[in-house]
Amino acid sequence: MNILELKDVSMTYGTVKALQHIDLTVGQGEWLAIMGPSGSGKTTMMNIVGCMDKASDGSVVLDGQELSKLPPRGLTAIRRDKIGLIFQQFHLVPYLTALENVVIAQYYHSMPDEDEALEALRSVGLGERARHLPSQLSGGEQQRVCIARALINCPKLILADEPTGNLDEANEKLVLEILHRLHGSGSTIIVVTHSPDVGSHADRVIVLEHGKIARTTTGALLHKSA
Amino acid sequence: MFFRIIRGGIVRQRRKLLLIAITVMLGVSLATAMLNVMLDVGDKINQELKTYGANLNVVPRGASFLGDLYGLEDGAGVSDKYLAEDELGRLKTIFWAYNIVDFTPYLEAPARAGDKDFAFAAVGTWFAKTLDLPTGEKVTTGMRGLKSWWSMDGEWPDDARNDQAVLGYVLARRLGLKKGDTLGYSGPDGKPAAATVTGVFNSGSAEDDLAYLPLAAVQGMTGLDGLVRRVEVSALTTPENDLARRAARSPASLSAKEWETWYCTAYIGAIAYQIEEVLTDARAKPILQVAESEGAILGKIELLMALLTALGMACSALALSNLVTASVLERSTEIGLLKAIGATDLDVLLLILAEILLTAVAGAGAGYSLGLWFSRIIGQAVFNAAISVSPTAVPLVAAMVVFVTVLGCVPAIKLLLSLRPTQVLHGR
């Protein structure tokens, strides 16, 4: 069963064609890596799939819901209910503790539940750091708070934009372990990355070039070629 | 959670929010000071204007009729109508008794200076007469208060001394008299009399050619004991409005409710009406030039205050707008993040507005206190009296704070609504 279907999706900014006629399906529980050089359309695709932007043309169906016809408010609701976002720059609210940064996602989704949020932090190894402010956490810890926040509302799709881009090797390993664990528990994951190492963990890898899918491979093959 | 985010936002941005609070504080302090002065300025300016003379002239009804019909003035020997001196205390018993600041009676008589055979007008009056009111209270009234702006070289006479007088400087020059000299004169009864000149005044008007004596002295020489020709009254009044003008044109045109409103408002016409109710056969005529000037001055000062208030609040709104917009720009990543994790535009809007409004309320509280202090300073410096704290100013200031804050936030709100998570979250 597919959780995501893109049919003939294009995106243009003025005269720039960021995405051209993309057809893509992502199955439930699949780990997909989107790779490609800068300017290839990875971020544009992430924005469209993450309901933060609308495609100029084509159809995007997420969990059976057509996104291209939804108003901004509808896209916000989908983003809130079905997607967990992880960013390269961590993006935590600086004056809220790690725990509050997780609770805030619950607050906008449904009802805040601190115990549940604490459990999510424990699941990423940050139970002891729950009351710390982002400024008191390392980059790796901040990214793990982001992952806990992305998971707290049990999203259908986890969308990670360069999740290890700003991390050292040890922290990259930790984050990838968490993603593996999530994948193992049946979560669907889409990771946008430059890194072949990160891409190699995916079930499937698509490589974008000039807004088009240039090739499709598997993580295992990518690992071998790397 | 909502309040935790707000608290966090306030603590983190305390410097910027402090600037916003100071901006609101300055605007509110100006508005509070101006509003308090504006709402209290009527009485203060009225009191100031009262120091420049009477605004009501009370005459016997018949004399008034002759004057109105034939243009005959008091003291011309055309009327034998007088007011009773012993009724004058009743002026302080009317509904607007406390608005009657001063009053004094006049009784004119022709006189001749003894040695020079020079004709002049002698006017009997009260200078600082203490009256026992029917209410048991005592009140001191007379020319000393009513003509306080006159320049006096010397002292006002004692009401109990019939041998004292003050002269206008023109008359004093003609008679060759100065303070301390003795004025020899004879009245209509032809009996010679003498009075010590206790002072020479300059009023800048026709009164400079008159001699003022204690009322009893002139009553004695004219044989009009206990009578006066007219009374000048200085009253604190409310500026004329449409209701007052309609009442002046035709009292019958007022409905019962309007009549009650008019009667219970210190319009010059209402006070005149009440004076006529307590004095026998009297007609109280507003000196309209004075009354209307007071209204015009008050109106202009109130307009000036209102404009200053509006200007102050507009400046605050402008400064607030810049500060809030800068704050939203600075927090664009945070706002984008909130939107990305599911906050709607309304959620974010409420968050920012609540934060700014709380800050504005804190600034407004400080501004209100500062404004009261400003109004006290203005009151002391301009009116030499305290400006009373007007409860009406509180809701007005509160409404202005909300209005100015929301107005100042409009550009930031537009920016905030247009902010898309994709613009701020990728960091590249």
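The values are calculated or read from the model by the stated rules, or taken from the named source; none is laboratory data. Computed from a predicted model, the values in this text were never measured in an experiment. Positions of Cβ are generated from backbone atoms using ideal geometry, with glycine treated the same way; all protein chains shown enter the neighbour counts.
Among the residues of the stretch A:61-81, those that are touching a strand residue (DSSP E or B) at 6+ places or on another chain (Cβ under 8 Å) and under 24 Å from B:L417 (Cβ atoms) comprise A:L67, A:S68, A:I78, A:R79.
Restricting the stretch B:129-174 to residues that are outside any strand (DSSP E or B) and among the β-branched types (V, I, T), the residue that is surrounded by the fewest Cβ atoms within 10 Å (Cβ to Cβ) is B:T135. For A:G84, the conditions (1) closer than 24 Å to B:L351 by Cα; (2) at the interface with chain B (Cβ under 8 Å from one of its Cβ atoms); (3) not in a loop (DSSP other than H, G, I, E, B) all hold with the exception of (2). Contact map, the stretch B:214-230: residues that are without any contact (Cβ under 8 Å) to a residue 60 or more places away in the chain paired with residues that are acidic (D, E), Cβ distance under 9 Å, separation 6+ or inter-chain. Pairs shown: B:G220/B:D189; B:G223/B:D189; B:D225/B:E85. In this entry, A:E100 is excluded by the filter for residues that are of a type in the set (D, E), over 27 Å from A:S195 (Cα atoms) and more than 13 Å from chain B (Cβ to nearest Cβ). Among the residues making up the stretch B:182-210, those that are among the hydrophobic types (A, V, I, L, M, F, W, C), over 32 Å from the mean Cα position of the chain (by Cα) and either in a helix (DSSP H, G or I) or crowded, with 18+ Cβ neighbours inside 10 Å (or both) are B:L183, B:A193, B:A195, B:V197.
Just one of the listed residues (B:E302, B:E330) is charged (D, E, K, R) and crowded, with 17+ Cβ neighbours inside 10 Å, namely B:E302.
Screening the stretch B:233-259 for residues that are polar (S, T, N, Q) and more than 30 Å from B:R144 (Cα to Cα) and picking the one that is modelled with the highest pLDDT gives B:S255. Apart from one condition, A:I104 fits all of (1) assigned to a loop (DSSP other than H, G, I, E, B); (2) over 27 Å from A:K173 (Cβ atoms); (3) of a type in the set (A, V, I, L, M); the exception is (1).
When B:R229 is tested against (1) within 29 Å of B:R283 (Cα to Cα); (2) touching a Lys or Arg at 6+ places or on another chain (Cβ under 7 Å), only condition (2) is not met. Across the stretch A:103-127, the qualifying residues are those that are hydrophobic (A, V, I, L, M, F, W, C) and within 11 Å of chain B (Cβ to nearest Cβ), and the one among them that is farthest from B:I6 (Cα to Cα) is A:A117.
A:G165 versus (1) assigned to a loop (DSSP other than H, G, I, E, B); (2) of a type outside the set (A, V, I, L, M); (3) modelled with pLDDT of 85 or more: which is the lone unmet condition? Evaluating A:G165 over (1) assigned to a loop (DSSP other than H, G, I, E, B); (2) of a type outside the set (A, V, I, L, M); (3) modelled with pLDDT of 85 or more leaves (3) as the failure.
Of all the criteria given as (1) more than 10 Å from chain B (Cβ to nearest Cβ); (2) surrounded by 18 or more Cβ atoms within 10 Å (Cβ to Cβ); (3) not in a helix (DSSP H, G or I), the one not satisfied by A:L92 is (1).
Residue by residue, here is whether (1) closer than 19 Å to B:V37 by Cβ; (2) touching a residue at least 60 places away in the same chain (Cβ under 8 Å); (3) away from chain A (no Cβ under 14 Å) holds:
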position: B:A343; (1), (2), (3): no, no, no
position: B:L351; (1), (2), (3): no, yes, no
position: B:E355; (1), (2), (3): no, yes, no
position: B:L372; (1), (2), (3): yes, yes, yes
position: B:L396; (1), (2), (3): yes, yes, yes
position: B:A412; (1), (2), (3): no, yes, yes
position: B:R420; (1), (2), (3): no, yes, no
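Selection of the stretch A:47-70 for residues being facing chain B (nearest Cβ under 9 Å) and among the polar types (S, T, N, Q) yields only A:N47.
Exactly one residue out of B:A270, B:A248, B:A266, B:A282 is out of contact with any strand residue (DSSP E or B) (no Cβ under 9 Å at 6 or more places or on another chain), in the same structural domain as B:R90 (by TED's automatic domain parsing) and farther than 27 Å from B:M400 by Cβ: that is B:A270. Exactly one residue among B:D102, B:D117 is touching a residue at least 40 places away in the same chain (Cβ under 8 Å) and of a type in the set (D, E, K, R), and that residue is B:D102.
Return a yes/no flag: does the stretch A:22-32 have any residue that is outside any strand (DSSP E or B), free of Cβ contacts under 8 Å to residues at least 60 places away in the same chain and under 21 Å from A:S195 (Cβ atoms). No, the stretch A:22-32 contains no residue that is outside any strand (DSSP E or B), free of Cβ contacts under 8 Å to residues at least 60 places away in the same chain and under 21 Å from A:S195 (Cβ atoms).
Consider A:I158 carefully, then state whether it is closer than 25 Å to B:M1 by Cα and in a helix (DSSP H, G or I). Spelling it out, it is not the case that A:I158 is closer than 25 Å to B:M1 by Cα and in a helix (DSSP H, G or I). What about A:R73, is it facing chain B (nearest Cβ under 8 Å), modelled with pLDDT under 90, over 29 Å from A:S185 (Cα atoms) and in a helix (DSSP H, G or I)? In short, yes.
Selection over the stretch B:363-393 of residues that are in a helix (DSSP H, G or I), modelled with pLDDT under 85, exposed (fewer than 15 other Cβ atoms within 10 Å of the Cβ) and among the β-branched types (V, I, T) gives a count of 1.
Considering the stretch B:394-428, and only residues there that are assigned to a helix (DSSP H, G or I) and of a type in the set (G, A, S), the residue that is farthest from B:C315 (Cα to Cα) turns out to be B:S418.
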